[in-house]
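The values are calculated or read from the model by the stated rules, or taken from the named source; none is laboratory data. Worth saying up front: this structure is predicted, and the values here are computed from it rather than measured. Ideal geometry is used to build each Cβ from the backbone, glycine not excepted, and the neighbour counts take in all protein chains shown. With ligands, DNA and RNA removed, areas are computed over all heavy atoms of the protein, side chains included. Shrake-Rupley method; radii C 1.70, N 1.55, O 1.52, S 1.80 Å.
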Amino acid sequence: MASHITVVGGGPAGIATTLALIDKGFVVTLIERSDYHDTRVGEHLLPGALPYLEQLGLRTTVQNGEHRPCQGVRSAWGDSALYDNAYIFNSYGNGLNLSRPSFDKRLAEQAKQRGATVLIGTSVRSFTQNKDGWLLKLSGDQNNLTLQTHFIIEATGRKAAVARALKQERIAYDKLVGIVGFLPPLSSNTSVDDSILLEACEDGWWYSAQLFDGTMVAAYMTDADLLSKSSDKPLDFWRKQVEPTTHIKARLEEFELATQVQVKPAQSQRLAKIVGEGWLAVGDAAISFDPLSSGGITKGLSGGLRAAEAIFSHFNGEADALSLYETEIKQAFEDYLSTRANYYRMEARWPASPFWQRRHQPLPSEIPVMLDPMSVVFAPKTVQPKQVGLFLQDKMLEIDSDLITQLARQSKPAHQLVSQFKTESEHQHDDQEIIIAVQLLLQEGLFMNEGAK
Ligand SMILES: Cc1cc2nc3c(=O)[nH]c(=O)nc-3n(C[C@H](O)[C@H](O)[C@H](O)COP(=O)(O)OP(=O)(O)OC[C@H]3O[C@@H](n4cnc5c(N)ncnc54)[C@H](O)[C@@H]3O)c2cc1C
């Protein structure tokens, strides 16, 4: 009998996983909370997504005239002048500005046509592990229905609803949010050039993209604390941030003023564990990228194909298939962090701005080790684990702050602190990560050297 897989989340990643699993002979139920009438952000499809759509048999779903061809990206980044990155040189041709959620809905229809059971307007109320996998209690349109399944795919996007229900930890690497407006054109003749427009500014950056129906999406990206520090409501904040721009302001003149905006989380983030017993995470639920990459949808499609391979190998008895998948996804996230750092470093016009300062600090892997392994380290009683946690998070170090602080309450040589932490931590760490954390805590004065007592 074919194994039954439940995919929770019907975005690009969940649907790609569903289709690829069906191709491999699994029986799949796809559970989607919405009815695809909600507002969705993330519209630009990179040309590089086309081979994945092809592989998934989805190429025709984007050729139905609902999406706007996009010729490239124009950006004022590092300089006030615009730089053109035209897709004319791309071997896959143009990108597309997708009408979402229509794109996601069409993908879900494909999943249904190819044999998946698609439950719309449904989510999972409870997860109980048993000898055959999981017993799921559903809510929403399928209220009170139960579902027995062998394996769960977590594909609920950035909020990682399934992982949170399973008490899995999410690690955020910044506080980025997008304040997004959808602006109707002033007249039916309004048309701007078919490029994505990016413009950096003092406390963040803007992007805008025109959709097939003429609507302009204009999103201001900044950190959540910079937004909440302002006394303005998000709409007023968004409007004020248009003023100092050059290119965005000029582009939006052809469109109605935004009358409402939505604030969307956009932080770079990953799950501490990407696979577990009887489950695996894919797409944004596993790792989420800064929208600067324009690559979230593409990552979801390619990730779905890769996840299906891993599950196929797992069900065929390959003992390390899931852990191999996890290692690859974590490596992809590390590579992404380096690329992201390089992009943000290209913009140096506002050295005093906290938004840019946060993004210009060295990555943990770039910091030289200077910690003397024999130096005796301790955490003063006045320093709380929460302070340590916030500091380490700011430095993009995913170290259990309760454990490191508790271990350092008693003075000990740095090498002993590092090896004890490594042994007792629930997560895998390499020595360099822990050493850098201790070194930075000492530099910040949160931890101290014995001689300094
Ligand atoms: C401001 C902004 C701009 C962006 N711009 C771009 C861009 O231009 N190009 C690009 O490629 N990416 C962009 N992204 C990222 C892109 O939107 C995501 O990376 C992509 O949608 C991830 O796909 P996914 O399937 O993993 O998750 P999602 O698209 O988030 O899909 C998750 C699905 O799960 C469903 N769901 C959620 N909770 C539950 C639950 N409890 N039960 C059942 N179902 C549930 C949701 O309704 C949804 O259908 C942007 C993101 C932001 C925030």
Query raised in the report: Among V27, V62, which is within 14 Å of the ligand (Cβ to nearest atom) and either out of contact with any Lys or Arg (no Cβ under 7 Å at 6 or more places or on another chain) or not acidic (D, E) (or both)?
Result: V62
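Which of the strands (runs of 3 or more DSSP E) contained wholly in region 1-119 include at least 2 residues that are surrounded by 18 or more Cβ atoms within 10 Å (Cβ to Cβ) and either at positive phi or touching a residue at least 12 places away in the same chain (Cβ under 8 Å) (or both)?
Result: 4-8, 27-32, 68-70, 72-76, 95-97.
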Query raised in the report: Which one is nearest to the ligand (Cβ to nearest atom) among residues in region 259-279 that are open to solvent by less than 40 Å² (accessible area, probe 1.4 Å) and more than 19 Å from R170 (Cβ to Cβ)?
Result: V261
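Restricting the search to region 428-447, which residues are more than 18 Å from K395 (Cα to Cα) and open to solvent by less than 50 Å² (accessible area, probe 1.4 Å)? Quick ask: steps written out before the conclusion?
First pass over region 428-447, keeping only residues more than 18 Å from K395 (Cα to Cα): 428.
None; the set is empty.
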Requested in this report: Only residues in region 151-173 that are away from the ligand (no atom under 12 Å from the Cβ) count as the first member; pair them with residues that are open to solvent by less than 10 Å² (accessible area, probe 1.4 Å) and polar (S, T, N, Q), Cβ under 7 angstrom, at least 6 apart or cross-chain, and list the lot.
Outcome: R170/Q269; I171/Q269; A172/Q269; Y173/S268; Y173/Q269
**Report entry** Identity of the residue in region 386-410, open to solvent by 30 Å² or more (accessible area, probe 1.4 Å) and free of Cβ contacts under 8 Å to residues at least 40 places away in the same chain, that ends up farthest from E450 (Cα to Cα)
**Finding:** D394
Report task. Look at V162 and say whether it is closer than 25 Å to K299 by Cα, in contact with a Pro (Cβ under 7 Å, 6 or more places away or on another chain) and among the β-branched types (V, I, T). Result -> no
Report task. Please tell me if G133 is touching a Ser or Thr at 6+ places or on another chain (Cβ under 6 Å) and either surrounded by 14 or more Cβ atoms within 10 Å (Cβ to Cβ) or in the same structural domain as S34 (by TED's automatic domain parsing) (or both). Result -> yes
**Report entry** Members of region 280-306 found to be more than 11 Å from the ligand (Cβ to nearest atom) and open to solvent by less than 10 Å² (accessible area, probe 1.4 Å), listed by number
**Finding:** L280
**Report entry** Per-region count, region 174-196, residues free of Cβ contacts under 8 Å to residues at least 40 places away in the same chain and part of a strand (DSSP E or B)
**Finding:** 0
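Return yes when A209 is more than 11 Å from the ligand (Cβ to nearest atom) and either outside any loop (DSSP other than H, G, I, E, B) or in contact with a Leu (Cβ under 6 Å, 6 or more places away or on another chain) (or both) and no when it is not. Outline the logic, then answer.
Numbers: more than 11 Å from the ligand (Cβ to nearest atom): no; either outside any loop (DSSP other than H, G, I, E, B) or in contact with a Leu (Cβ under 6 Å, 6 or more places away or on another chain) (or both): yes.
When the stated conditions are applied, A209 does not pass them.
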**Report entry** Test: residue in region 214-225 that is under 21 Å from T246 (Cα atoms) and away from the ligand (no atom under 16 Å from the Cβ)
**Finding:** no
Report summary line: Looking across region 212-228 at residues that are open to solvent by 20 Å² or more (accessible area, probe 1.4 Å) and in contact with a Phe, Trp or Tyr (Cβ under 8 Å, 6 or more places away or on another chain), the single one that is nearest to V73 (Cα to Cα) is T215
Report summary line: By residue number, the members of region 385-405 that are of a type in the set (A, V, I, L, M) and closer than 22 Å to R359 by Cα are V388, L390, L392, M396, L397, I399
